[in-house]
1. Which is surrounded by fewer than 21 Cβ atoms within 10 Å (Cβ to Cβ) and of a type in the set (S, T, N, Q), of 317, 371?
2. What is the number of the single condition among (1) crowded, with 19+ Cβ neighbours inside 10 Å; (2) touching a residue at least 12 places away in the same chain (Cβ under 8 Å); (3) within 15 Å of the ligand (Cβ to nearest atom) that residue 285 does not meet?
3. Does at least one position in segment 341-360 carry a residue that is under 30 Å from residue 17 (Cβ atoms), within 11 Å of the ligand (Cβ to nearest atom) and assigned to a loop (DSSP other than H, G, I, E, B)?
4. Hey, does segment 207-218 have a residue that's assigned to a helix (DSSP H, G or I) and in contact (Cβ under 8 Å) with a residue 12 or more places away in the chain?
5. Yes or no: segment 164-173 includes at least one residue that is in a loop (DSSP other than H, G, I, E, B) and of a type in the set (Val, Ile, Thr).
6. Residue under question is residue 325, and the condition is that it be modelled with pLDDT under 95, away from the ligand (no atom under 16 Å from the Cβ) and over 16 Å from the mean Cα position of the chain (by Cα); does it hold?
7. Looking only at segment 353-367, decide whether some residue is more than 17 Å from residue 50 (Cβ to Cβ), over 23 Å from the mean Cα position of the chain (by Cα) and crowded, with 21+ Cβ neighbours inside 10 Å.
8. Surrounded by fewer than 18 Cβ atoms within 10 Å (Cβ to Cβ), under 27 Å from residue 82 (Cα atoms), among the small types (Gly, Ala, Ser) and touching a Ser or Thr at 6+ places or on another chain (Cβ under 8 Å), is that true of residue 42?
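The values are calculated or read from the model by the stated rules, or taken from the named source; none is laboratory data. This structure is a prediction, so every number in the text was calculated from the model and none was measured. Neighbour counts run over all protein chains shown; Cβ positions are idealised from the backbone, glycine included.
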Amino acid sequence: MSFFEFKIEYESQESKARLGEIKTKHGKIKTPVFLPVATNASVKSLTSEDMNDLDAEILMANTYHLFLRPGLEVIKEFGGLHKFMNWKKPIMTDSGGFQAFSLGFGIEHGVGKISNIFPDEAKERPKPKGEKFAFVNDKGVTFYSPYDGKKILLTPELSIEIQETLGSDIMLVLDECTSPLNDYEYTLNSLKRTHKWAELCLKTKKTDQALFGIVQGGEYKDLREESAKFISSLDFDGIAIGGSLGKSKKDMHKILDWAIPLLNREKPRHLLGIGTVEDFFNCIERGIDSFDCVSPTRLARAGFLYIYPEDGGNVKNKFRIDIGKSIYKKDNSSISENCNCYTCKNYTKAYLRHLYMAKELSYYRLASIHNIHFFLNLIKDIRKAIKEENFLELKKIWLK
Ligand SMILES: [Zn+2]
């Protein structure tokens, strides 16, 4: 049995959006929720206390990275990840499956998942060079450690054992995350493997940590439906939707519309690795309860700071400004007049631009605080709007 409870508190009349509450050993989480990503047991440039001050409800940590460094023996010594990183609220861990994609197939094909999964957004796609670091077969994913070159076979059983040692509140099954470039036959075979692994993960789990299954199936309707039904039929605490979500955001919405109606209504639904302003509105509207994405901190470090519609944020400028632009050189206003984060309360755009141009380390912290605050605040506003049956109206204001 898992120490986990999900209660639907309110279902929207105007859309499939819903409000819920997840109960874990480390506290309660209101849904919909956004999980900032603490890849190496830290949200980049921020401390656990910062995340607490920002009112983050739950963090996503990375199994693959923490397994390699600092290694399980260190985290075990501390009695788990919570104590190690001094974070008292819930943690979700991924399975390492995503690395099979990003470090193996992703490098091979020049596609990643997070900000660049959609080939039609090719402009944003990095051009990775290098050899293939990961191989997938029915047993698991074989990695070569980037630190010492050691060969590691990550099996579904090992992924669960690692996550049990990390002590996360919510674990994810090992899956194979296919690429938008995989054909039907590859995706079909991969799905069979992913489903077998899902059962193996359930069988391996010994603790009362929650375990979420993952729906895969690429952009193929029959495979997504099959996967949604299969994963829904197993005894998971929640369900994540992952993998290739098609070639455009439109495809992603289509995939969600295929899968979500087939999922158990009583279980929370997590969308893996997706998170833009538009995504929040479009996916919550379709019944998604939680998101994780590195984008707020990654974009902050690249100079992109989020702004509200009242500040001129819109779909076209992706709700962000580029602080490196010379127009901000003498700008004595905060990033947003409508933001009450620590950064906006204390610093001007001119100062932030200066820190950014000088590559001062404080820039990364201040920028990340603002962007994370923006994301968490937007989700709070969305929750309030759902409750007041005002969600579609809010969506219109933001996405007009
Ligand atoms: Zn701010």
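1. Every option except 317 fails the conditions.
2. Of (1) crowded, with 19+ Cβ neighbours inside 10 Å; (2) touching a residue at least 12 places away in the same chain (Cβ under 8 Å); (3) within 15 Å of the ligand (Cβ to nearest atom), only one is false for residue 285: (3).
3. Yes - at least one qualifying residue is present in segment 341-360.
4. There is no residue in segment 207-218 that is assigned to a helix (DSSP H, G or I) and in contact (Cβ under 8 Å) with a residue 12 or more places away in the chain.
5. Within segment 164-173, one or more residues are in a loop (DSSP other than H, G, I, E, B) and of a type in the set (Val, Ile, Thr).
6. Criteria not met by residue 325.
7. yes
8. Answer is yes for this residue.
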